[in-house]
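Presented below is the structure to which this report refers.
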Amino acid sequence: MRALVYSGPGARAWAKVPKPGILADTDAIVRVDTTTICGTDLHILKGDVPAVAAGRTLGHEAVGTVDAVGSSVRAVKAGDRVLVSCITSCGTCRYCRDGHAGQCLGGGGWILGHKINGTQAEYVRVPFADMSTYRVPPGADDEDVLMLADILPTSYEVGVLNGGVRPGDVVAVVGSGPIGLSAIACARLFSPSHIVAIDLAEARLEAAKQFGADVTVNNTSQDPVEVVRSLTGGLGADVAIEAVGVPAAFELAVQLSRPGGRIANIGMHGQPATLHLEEQWQRNITITTGLVDGYSTPTLMRLVSSLQIDAKRFITHRFSLGEFGEAYDVFARPAETGALKVVLSREI
Ligand SMILES: NC(=O)c1ccc[n+]([C@@H]2O[C@H](COP(=O)([O-])OP(=O)(O)OC[C@H]3O[C@@H](n4cnc5c(N)ncnc54)[C@H](O)[C@@H]3O)[C@@H](O)[C@H]2O)c1
Ligand SMILES: [Zn+2]
Ligand SMILES: [Zn+2]
């Protein structure tokens, strides 16, 4: 079979590799029907994630068809259509039992396309298949469900729920990439009074309007702190969500928050950011961080199936699995290509 294999910073190829087999009786082998690329894969290709060794198949999002299961797998069987979540859950460790599989101590967590071979391939081995795959509801199509592998649970859990978005809140979202846009779509479920989207790129702010932002601010030309203060009688946002992963964006999110406000960081940071505790100590703020756990996936599956979240809207480009070269190229240049999520599907 073929897979998108990382071979060191900047190097990837759609290469011939052995088809994976069952290694543990809790494994499933899934034929990948649809997969996508995440900003995190670009971080890996830059060499920012040293845990990813040369020879690793990338990818942590897929919808596919179960090809084979180990002897103790009960929840899925060969032929079932399943969502493969970016988070694998052993189901038995302290964190998994607590709904925090992102922190799994039993060999799960974010392992696909990171510590073991991932989903950008014709077949993938999924450990702990009972806890780490979800049957696709009848009638739902692959493209809708695929957005539940990573971006929707990430923004919902780490952004909207950690940030405690409530009806009437003013919510500021820093960054309007796929993660920021899905934070906007999920925040809407809670009837905030205003969602303010902040980004450096006009194309992304246009997308933010489509996803439900009431106000957009290009912070190359406008001061978002002023805009948010003018909407809130000088106070600041009830909830500020950081969806970028650079120090300036986190520091802006803190500045945007009102006294007593909540700041939910989603971005993956590679550099230290400054928290001005000399200003913030007396402002009663709450800051949360998090890796997605995936506990909300069944809820989001219902919201997508009932069309309360339009998951397909994230998809801007479609390719076949053999076109990974072009797909990475389009995804890595969003300012020119307008890419949000690019989807790659098996040729039928
Ligand atoms: N916590 C988690 O579990 C988790 C899961 C998935 C992704 N992530 C992280 O979420 C972050 C966002 O992901 P994405 O795929 O949307 O990334 P992206 O790169 O597509 O989007 C980031 C957006 O931020 C904008 N931006 C950059 N600097 C800015 C600034 N100073 N102010 C305002 N906007 C700015 C960019 O123009 C871009 O539109 C990444 O760091 C990613 O690694 C975290
Ligand atoms: Zn991801
Ligand atoms: Zn676990």
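Sub-8 Å Cβ pairs linking a first residue in the range 127-140 that is surrounded by fewer than 24 Cβ atoms within 10 Å (Cβ to Cβ) to a second residue that is of a type in the set (S, T, N, Q) and not in a helix (DSSP H, G or I), at least 6 apart or interchain, are Pro127/Thr26; Pro127/Thr88; Asp130/Thr26; Met131/Thr88; Met131/Ser89; Tyr134/Ser85, ordered by first then second residue.
Let me confirm something: among Ala101, Ala149, Ala121, which residue is touching a residue at least 12 places away in the same chain (Cβ under 8 Å) and over 18 Å from the mean Cα position of the chain (by Cα)? Only one candidate qualifies: Ala121. Just one residue in the set Glu278, Glu323, Glu347 is modelled with pLDDT under 95 and farther than 30 Å from Ser193 by Cβ; that residue is Glu347. The single condition among (1) surrounded by 23 or more Cβ atoms within 10 Å (Cβ to Cβ); (2) within 15 Å of ligand 2 (Cβ to nearest atom); (3) outside any loop (DSSP other than H, G, I, E, B) that Val30 does not satisfy is (2).
Given the criteria crowded, with 19+ Cβ neighbours inside 10 Å, at positive phi and under 15 Å from the mean Cα position of the chain (by Cα), does Gly294 qualify? Yes. Tell me yes or no: at least one residue of the range 112-126 is in a loop (DSSP other than H, G, I, E, B), within 15 Å of ligand 2 (Cβ to nearest atom), at positive phi and modelled with pLDDT of 95 or more. There is at least one residue in the range 112-126 that is in a loop (DSSP other than H, G, I, E, B), within 15 Å of ligand 2 (Cβ to nearest atom), at positive phi and modelled with pLDDT of 95 or more. Only a single criterion out of (1) within 16 Å of ligand 3 (Cβ to nearest atom); (2) without any contact (Cβ under 8 Å) to a residue 24 or more places away in the chain; (3) of a type outside the set (Val, Ile, Thr) is not satisfied by Pro18, namely (1). You will find that of Ala183, Ala213, Ala172, Ala207, the residue that is without any contact (Cβ under 8 Å) to a residue 60 or more places away in the chain and surrounded by 24 or more Cβ atoms within 10 Å (Cβ to Cβ) is Ala213 and no other. For the range 254-266, the condition holds for at least one residue, the condition being that it is charged (D, E, K, R) and touching a strand residue (DSSP E or B) at 6+ places or on another chain (Cβ under 9 Å).
When the range 150-165 is filtered for residues that are in contact with a strand residue (DSSP E or B) (Cβ under 6 Å, 6 or more places away or on another chain) and either crowded, with 24+ Cβ neighbours inside 10 Å or under 15 Å from Ser89 (Cα atoms) (or both), the ones remaining, listed by number, are Gly159, Gly163, Val165. If only residues of the range 35-93 that are within 11 Å of ligand 2 (Cβ to nearest atom) and of a type in the set (Ser, Thr, Tyr) are counted, the one that is surrounded by the fewest Cβ atoms within 10 Å (Cβ to Cβ) is Thr40. Applying the criterion of at least 1 residues that are touching a Pro at 6+ places or on another chain (Cβ under 6 Å) to the strands (runs of 3 or more DSSP E) found wholly in the range 188-273 leaves 194-199, 215-218. Within the range 38-55, the presence of a residue that is more than 21 Å from Thr154 (Cβ to Cβ) and over 25 Å from the mean Cα position of the chain (by Cα) is excluded.
The values are calculated or read from the model by the stated rules, or taken from the named source; none is laboratory data. Every value quoted in this text rests on a predicted model; they were computed, and no experiment measured them. Here Cβ is always computed from backbone atoms with ideal geometry, including for glycine, and neighbour counts include all displayed protein chains.
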